[in-house]
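Colleague: Next up is a structure, given as structure tokens.
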Amino acid sequence: MLGKHFRPLDFYSGGPENAYKLLPFHFIRLQGTRYVVTNMVGEYIVIGQEDLYEFSNHRLSPTSDLYNELKSKHFLIDSDSEVPVDLLTLKLRTKLLPQSNFTSLHLFVVTLRCDYSCPYCQVSRQTEDKESFDMSERTAFAALDITFRSPAPAIKIEFQGGEPLLNFELIRKIVIEAKRRNECEQRDLEFVIATNLSLLSGEIISFCLEHDVYLSTSLDGPKALHDKNRPKPGRNGHLLTVQGIKLAQKLMGKDSVSALMTTTEQSLSQYKEIINEYVSLGFTSIFLRPLSPYGFAITTRQSEKYNTDQWLTFFKKGLDYIIEINKQGYFLKETYTVIILRKMLTPFSAGYVDLQSPAGAGIAAVVYNYDGDVYASDESRMLAEMGDKKFRLGNVIDDSYEAIFGSDTLLDILEETTLESVPICSECAFKPYCGADPNYHYATQKDIVGNKATSGFCRKNMEIFRHLITLLEDNSEARRILFSWLT
Amino acid sequence: MGNNMPHSKSSYTTENGNYYLKFQIGVFSLDTLKRAALKFTSYCSFDFHIGNESIDVTLCFGPTTSEEICEKTIGDYKSEALDQDLRSRIAAETEGYRNLILANVFSKTSIVNTGHD
């Protein structure tokens, strides 16, 4: 009976009958002689250079801890079982499944008008009086036709601008009409308004409560920083935003409103103040976002005020500070870190459009502009406002669903941004965590694939991946806190 | 970047801001060296020449690049060449399993055997 519980003696002899075979994996230097090896679904192990060569040359002892770890994470297969192949298949299919659901995020740009004048505005907003930049009801309902043609079982409709509350009446009509249609469609329907909250009123809050509409806002930090980044006539932008946040939290619930920040040159030295501002308002997450190279951020040269390395320093210090806050008992997550950790540590997709392969443009998210033009992403819309309509897919009035989503424009993007066929990316160990950002590379290199050796997107993500893995491996307290963000 | 006279360190020679490396044919393939070079195109440009016994790689740095950066880049490039060589071997060895897994992932078949098939 004991023979059932112990392997035969010759298993430990390391003879040819116990030789293992390699399963597909990639590796990359972490730091010094430490490497990260990743399998096809992104499960990783940190390994020394010598061990990497021993493993790759089939000289690793089957009695070693490393052997067992590599086996448990499907880096090798031996005579014990053929199951690793099935398990890798299952895990990879699980990760890719959301892509088969197709477009789930539909952005409605209900107006380009705005009551702010942010120098880094990515959408090149228009002044409040220009109603010719409002979406019409006809256009909105045509966009709804396209929205419900998507096979996605869960659909999120996000209202963007400008300042979308300047066209609240249209938002109201779209929500009511979408819910009416959904009585037949039976999708899991969700609504979000991306707003600066300056126009938030009791009427709007009542509507949001009645129809389960969430709010998303921008909060760049404490008053001086926020008002400098996001100037408003009256210089009371921060005051109105904070008032709106508190009002929404009080009447709609703490989770009804979320906020994110954009890093400007002035933000770089104020990571603590920014994070403290979020804590003071009771937020449990903060998204440390770099400035994107679109719209007014280009024309005002805001995007040139700092480089990738400076932002990475800001991010790492900010993350360290957030971890310290968690140690002191306040639960606060960094959103981008959670997205990446979900890719690293779970078999599930993170559902983040900018970190997908092929690019999430069109197939994860689509934008219906105020004039009915359809864009592959919000960044595509921003490029269009600068005069470049390269990523325009069609128009909701003039084009059918098939014409829009079967367009050469979209198919070319998807074909060229599949990382398995992109130079440097195809062999990168961080590929399972990364994605393609065709808009960023087109904006910065005039090529939707881009040369990754000179790509700020690549540099940023590689450095974050390395930093997180180092924290997970070398800092047990940080590891515990990072894991808690995934539950 | 110092004087323009050619001088030699143990693994390369340099002249006029260009650095010349030799890789023995049979140890590294041209494809390996080119793949390794891709990652350093932000630092310098590359020229390749296949000789009788070696592949000659020229790294062309800009006039303002410090010697420290040049030497670090050379070291990193040589390390990357070793890594690329290993990647090629691993890719070749695991190609069959990779294709099998991908074929199963994208097939319209059940992965889990329910016993009712």
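What follows draws every value from the coordinates through simple rules; no lab data is involved. Predicted model, so just to flag it, every value in this text is computed and none were measured. Note that we place each Cβ from the backbone using ideal geometry, even for glycine, and neighbour counts take in every protein chain shown.
Colleague: Please work out, to two decimal places, the log10 of the ratio I(q)/I(0) at q = 0.10, 0.13, 0.17, 0.21 Å⁻¹ from a Debye calculation in which every Cα of segment A:128-251 carries one identical scatterer.
Modeller: With no solvent term, the Cα-only Debye profile gives -0.36, -0.59, -0.92, -1.22.
Colleague: Which entries of A:Lys431/A:Lys460; A:Lys305/A:Lys333; A:Lys228/A:Lys254; A:Lys228/A:Lys317; A:Lys389/A:Lys446; A:Lys254/A:Lys305 have Cα-Cα distances beyond 24 Å here?
Modeller: Table pairs above 24 Å Cα-Cα are A:Lys305/A:Lys333; A:Lys228/A:Lys254; A:Lys254/A:Lys305.
Colleague: Could you go through segment A:465-479 in sequence order and give the Karplus-derived ³J(HN,Hα) for each residue, using 6.51 cos²θ - 1.76 cosθ + 1.60 with θ = phi - 60°, rounded to whole Hz, and x for Gly and Pro?
Modeller: 4, 4, 5, 5, 5, 4, 4, 5, 7, 10, 10, 5, 5, 4, 4
Colleague: While we're looking at this one, here's another question. For a protection proxy built on the mean count of beta-carbon atoms within 10 angstrom, sort A:435-445, A:414-424 highest first, please.
Modeller: A:435-445, A:414-424
Colleague: Would you list the P(r) distribution for the protein assembly as shown, with all Cα-Cα distances sorted into 20 Å bins from 0 and each bin expressed as a whole %?
Modeller: Whole-percent P(r) values from 0 Å outward: 17, 48, 29, 6, 0.
Colleague: What whole number of Å gives the distance from the Cα centroid of segment A:52-116 to the Cα centroid of segment B:33-82?
Modeller: Result: 33 Å between the Cα centres.
Colleague: Additional query: May I ask you to derive the FRET efficiency for B:Ala91 and A:Val83 from their Cβ-Cβ distance with R0 = 25 Å, giving the value to the nearest 0.05?
Modeller: Efficiency for this residue pair is about 0.60.
Colleague: While we're on this one: Using only the alpha carbons of segment A:48-189, determine the length spanned along each of the three principal axes and report them from longest to shortest in whole angstroms.
Modeller: Projected onto the principal axes, the Cα atoms of segment A:48-189 cover 73, 44, 17 Å.
Colleague: At 222 nm, what helix-only mean residue ellipticity would chain A give, in deg cm²/dmol to the nearest 500, using -39500 (n - 2.57) for each DSSP H run of four or more?
Modeller: -12500 deg cm²/dmol
Colleague: Along the charge dipole of segment A:235-372, Cβ charges K/R +1 and D/E -1, which of A:Tyr278, A:Tyr370, A:Gln328 sits furthest on the positive end?
Modeller: A:Gln328
Colleague: Still on this model: Check which residues have an amide H placed less than 5 Å from A:Ser285's amide H, if you skip close sequence neighbours.
Modeller: Counting only residues 5 or more places away or on other chains, the set is A:Lys333.
Colleague: Give me the distance in nm between label points sitting 7 Å out from Cα along the Cα-to-Cβ direction at A:Lys317 and A:Asp408, one decimal.
Modeller: It works out to 5.0 nm between the two label points.
Colleague: Next up: Hey, with R₀ at 45 Å, roughly what FRET efficiency would A:Lys21 and B:Thr65 work out to, going by the Cβ-Cβ distance, to 0.05?
Modeller: Result of the calculation: an efficiency of 0.50.
Colleague: Work out the mean other chain Cβ neighbour count within 10 Å for the residues of A:87-94 and drop it here as an integer.
Modeller: 5
Colleague: With each label point set 7 Å from Cα along the Cα-Cβ vector, what nm distance links B:Lys22 and A:Gln266?
Modeller: 6.0 nm
Colleague: Could you give me the percent of Cα pairs per 10 Å distance bin for segment A:207-251, shortest bin first, beginning at zero and ending with the bin that holds the maximum distance?
Modeller: In order of increasing distance, the bins hold 26, 46, 23, 5 percent.
Colleague: Once the Cα atoms of helix A:271-280 and of chain A are each reduced to a long axis, what angle between those two axes, in degrees from 0 to 90 to the nearest 10, is obtained?
Modeller: Taking the Cα atoms of chain A, the angle to A:271-280 is about 70 degrees.
Colleague: Right, here's the next one. Summarise the partner chain shielding of A:450-460 as one whole number: the mean count of Cβ atoms from other chains within 10 Å of each residue's Cβ.
Modeller: What the average comes to for A:450-460 is 2.
Colleague: Positive end of the charge dipole of the protein assembly as shown (Lys, Arg +1 and Asp, Glu -1 on Cβ, about the Cα centre): tell me which of A:Ala361, A:Thr111, A:Gln243 has its Cα farthest that way.
Modeller: Looking along the dipole axis, the top candidate is A:Gln243.
Colleague: Considering only C-alpha atoms, what is the centroid distance from segment A:439-487 to segment A:128-181, in Å?
Modeller: Each part's Cα centre sits 34 Å from the other's.
Colleague: If you don't mind, there's one more thing I want to ask. Would you mind checking segment A:234-264 for residues with the amide N under 17 Å from a putative spin-label position 7 Å along Cα→C-beta of A:Glu190?
Modeller: A:253-260
Colleague: What average number of partner chain Cβ atoms lie no more than 10 Å from the Cβ of the residues making up B:82-89?
Modeller: Other-chain Cβ atoms within 10 Å of each residue's Cβ, averaged: 3.
Colleague: So which lysines pass the test for A:Lys179, namely a Cα distance under 22 Å, with those fewer than 8 places away in the same chain ruled out?
Modeller: Partners within reach: A:Lys156.
Colleague: Given 37 °C and 0.692 mPa s, compute D for segment A:345-456 with the Stokes-Einstein relation, Rh being the Kirkwood radius over Cα pairs; round to the nearest whole µm²/s.
Modeller: Answer, rounded: 227 µm²/s.
Colleague: Using label points projected 7 Å from each Cα along Cα→Cβ, tell me how many nm separate A:Glu177 and A:Lys390, to one decimal.
Modeller: 3.3 nm
Colleague: Next question. Return one quarter of the surface area of the convex hull spanned by the alpha-carbon atoms of segment A:181-307, equal to its mean projected area, in nm².
Modeller: Its Cα hull, projected and averaged over all orientations, spans 9.5 nm².
Colleague: Per 0.36 nm of contour for each residue apart, how much would the distance between A:Ser476 and A:Lys250 grow if the chain were fully extended, relative to their Cα-Cα spacing?
Modeller: Working it through step by step, the gained length comes to 77.7 nm.
Colleague: State the antiparallel share, in %, of DSSP beta bridges confined to segment A:281-404, rounding to the nearest 5.
Modeller: So the antiparallel bridges in segment A:281-404 amount to around 60 percent.
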